[in-house]
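The values are calculated or read from the model by the stated rules, or taken from the named source; none is laboratory data. Please read all numbers here as calculations on a predicted model, not as lab measurements. Cβ placement follows ideal geometry from the backbone for every residue including glycine, while neighbour counts extend to all protein chains displayed. Just the protein is used for accessible areas: all its heavy atoms, side chains included, with ligands, DNA and RNA removed. Shrake-Rupley method; radii C 1.70, N 1.55, O 1.52, S 1.80 Å.
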Amino acid sequence: MIFHTGVLALVVGSLIVLIMTLFSVAIALRIIIGWDITKSTSKQLILERQTYLVTTIMKYVMGFQILSLFLFVYTADDIHKLFVGAMCATGSLNANPIGWSVLFAKIVIFFLCAMWLAINRVDELGEDYPLVRFKYKYLIALAPVIALEAYWQLDYFLGLRANVITSCCSSLFSDEGVTVASSLASLPVGPSMYVFYGAGAVEIVLLFLLMKRPGSSPGLRYISGAWSLIFFIVSVASIISFVSIYYYETPVHHCPFDLLQKQYMFIGYPLYGSLFGGILFSMAAAVTEPFKKIDSIRTEIHNAQRRWTKISILLIIVFIIIATWPIVFSNFRAYD
């Protein structure tokens, strides 16, 4: 199992990432303690050079962590053929239940790493690097989360046994079960659609207001960021509740992972990619809002927020179109 290409890439990649992160944290501590941009001492010059090193390393680290979410899901789906009773990634994750913890941890880290990259981006645009201490404190706080996720991931893959009989998605995402997944699968289709499209409309309107009125109050930006998280949760619930059954054209199949498979044209990847990307850019614009108080990067943040908001609108519209496509063009109709 451990010699599967995807598994090796994830395990080795996470080990390298962890080593690079710990190395960067050690340097970050020195930078936080000794940083003083107003001085021209040799010590400050060395610290400035070290910031370039740490930042470059962490860009690769954060980039890998973002991509590893999709690689993990792809790998879990690919190895399901090795387990009796598994039909998709659900069976692979059920083969060692800590796999679900790994998946949720990777989703959290996906957004945390993206936010670090956004903060680092606006910091690099300022001549005085005003966010150096903040972003490295953020890095230090993020390091234990990365380490825990790497440990869980290793424990998951080492704990997989090919002779284990696992359960398939039909048992987990059954509307007759008592789990959270079953509760989502049993949500009535009609009301779920109203909530989904209503939440999506609010999300797009908020983003359009922020794009058209760049001078809007910071409160609106924070509301948009918070609503993006709500829309993300609603969207995942909607995929399980009704989007999946329209793609599968059966009222009893609610699995969110089968959408990633060939027989459904791998539609899950653009579906989830556009959702995660849209929420990511919306949150990045909200997270950087407090730093507008800093004169040296106010204009740069404003420009970045406007660009990120445009990207977020585009991706969310793409996500809604993909989710709506089978509802409009399929002959299947769901009845509550």
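From the list ILE119, ILE98, ILE165, ILE146, which one is farther than 22 Å from THR5 by Cα and open to solvent by less than 60 Å² (accessible area, probe 1.4 Å)? Outline the logic, then answer.
On the way: ILE98 fails: farther than 22 Å from THR5 by Cα; ILE165 fails: open to solvent by less than 60 Å² (accessible area, probe 1.4 Å); ILE146 fails: farther than 22 Å from THR5 by Cα.
After ruling out the rest, the residue left standing is ILE119.
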Residue list for segment 260-284, restricted to those being at pLDDT below 95 and open to solvent by less than 50 Å² (accessible area, probe 1.4 Å): LEU260, GLN261
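Of LEU210, LEU160, LEU184, which residue is assigned to a loop (DSSP other than H, G, I, E, B) and modelled with pLDDT under 95? Break it down stepwise before answering.
On the way: LEU210 fails: assigned to a loop (DSSP other than H, G, I, E, B); LEU184 fails: assigned to a loop (DSSP other than H, G, I, E, B).
Testing whether each residue is assigned to a loop (DSSP other than H, G, I, E, B) and modelled with pLDDT under 95 leaves just LEU160.
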Failed item, numbered, when ILE230 is tested on (1) farther than 24 Å from LYS106 by Cβ; (2) open to solvent by 60 Å² or more (accessible area, probe 1.4 Å): (1)
